Amino acid sequence: MIDFWNQRYSESHFAYGKSPNDFLAENLPRFDCGKLLFPAEGEGRNAVFAAKLGHQVTAFDTSEAAKIKAQQLADEMGTHINYEVASFDQLNFQPHSYDGLVLIYAHFSKSVRATLHSQFLSCLKPGGFVIFEAFSKEQIQYQSGGPKDPDMLFSIEEVKVEFNSLSFELLEKVIINLEEGTYHNGPASVVRFLAIKN
């Protein structure tokens, strides 16, 4: 899988564009600047957006090619992000050390997903926020991007279980029109939420 992402992120263009995800761009500005964690951040479009707003950003992914592109984008935008390359089982973030967690199309295999979500949430301070958008189970019907394995997609019920330490301000499944680079284009079914850690 790492080879797949290194190949995708080694392409000359930015696979998902340089602009931040719309849901993130609409909602992040309402929160005070702080320390944010961006797992599975890819080429950095969302982390760089947050850094431009004044947040202190830590991003990570498994792809060295993704890090190179993310640093290129940060330089281009005149900002800085801390970007680590590691497999997800190598993560060693301190508990209660982040003010916000951003998960944008961070899809993991079913066997590790709940464990990873628990680890990410443990890094979040009480009162910290989560901004989440990912493809729903119904995305299988669409050709606009995302995993083809239904077990990597989300239902509202799964989100409630895997993020049960949160208070949801918004939790919805909606059809949106994606315009994110080459690989996220067209109508898409997504689950997204805004939440605060209890």
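The values are calculated or read from the model by the stated rules, or taken from the named source; none is laboratory data. Remember, predicted model here, so these are calculated numbers, not experimental data. Here the Cβ is made from the backbone with ideal geometry for all residues, glycine too, and neighbour counts use every protein chain on show.
Numbers for the structure displayed
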{"quantity": "Unmet requirement for residue 132, which otherwise passes all of (1) free of Cβ contacts under 8 Å to residues at least 60 places away in the same chain; (2) among the aromatic types (Phe, Trp, Tyr); (3) assigned to a strand (DSSP E or B)", "calculated": "(1)"}
{"quantity": "Cross-chain or 6+ apart pairs with Cβ under 7 Å, the stretch 174-190 first and part of a loop (DSSP other than H, G, I, E, B), then surrounded by 15 or more Cβ atoms within 10 Å (Cβ to Cβ)", "calculated": "181/14; 181/15; 181/16; 181/17; 182/15; 183/15; 183/16; 183/145"}
{"quantity": "Residue ID - surrounded by the fewest Cβ atoms within 10 Å (Cβ to Cβ), chosen from residues in the stretch 86-124 that are modelled with pLDDT of 95 or more and of a type in the set (Val, Ile, Thr)", "calculated": "104"}
{"quantity": "Conditions (1) farther than 30 Å from residue 137 by Cβ; (2) under 17 Å from the mean Cα position of the chain (by Cα); (3) part of a loop (DSSP other than H, G, I, E, B): number failed by residue 16", "calculated": "(1)"}
{"quantity": "Residue within the stretch 99-110 that is touching a strand residue (DSSP E or B) at 6+ places or on another chain (Cβ under 8 Å), assigned to a strand (DSSP E or B) and either without any contact (Cβ under 8 Å) to a residue 60 or more places away in the chain or not hydrophobic (A, V, I, L, M, F, W, C) (or both) present", "calculated": "yes"}
{"quantity": "Meets criteria (touching a Lys or Arg at 6+ places or on another chain (Cβ under 7 Å) and farther than 20 Å from residue 134 by Cβ) for residue 18", "calculated": "yes"}
{"quantity": "Condition broken by residue 31, with the remaining ones in (1) in contact with an Asp or Glu (Cβ under 6 Å, 6 or more places away or on another chain); (2) modelled with pLDDT of 95 or more satisfied", "calculated": "(1)"}
{"quantity": "The lone exception for residue 89 - which of (1) under 24 Å from residue 179 (Cβ atoms); (2) assigned to a helix (DSSP H, G or I) it fails", "calculated": "(1)"}
{"quantity": "Residues that are surrounded by 15 or more Cβ atoms within 10 Å (Cβ to Cβ), part of a loop (DSSP other than H, G, I, E, B) and out of contact with any strand residue (DSSP E or B) (no Cβ under 6 Å at 6 or more places or on another chain), drawn from the stretch 140-164", "calculated": "147, 163"}
{"quantity": "Identity of the residue in the stretch 73-85, part of a helix (DSSP H, G or I) and in contact with a helix residue (DSSP H, G or I) (Cβ under 7 Å, 6 or more places away or on another chain), that ends up surrounded by the fewest Cβ atoms within 10 Å (Cβ to Cβ)", "calculated": "73"}
{"quantity": "Residues satisfying the stated conditions in the stretch 26-72, i.e. part of a helix (DSSP H, G or I), more than 13 Å from the chain's Cα centre (by Cα) and under 23 Å from residue 10 (Cβ atoms)", "calculated": "64, 65, 66, 67, 68, 69, 70, 71, 72"}
{"quantity": "Residues of the stretch 145-198 satisfying the condition of being among the hydroxyl-bearing types (Ser, Thr, Tyr), in contact with a helix residue (DSSP H, G or I) (Cβ under 9 Å, 6 or more places away or on another chain) and closer than 15 Å to residue 131 by Cα", "calculated": "165"}
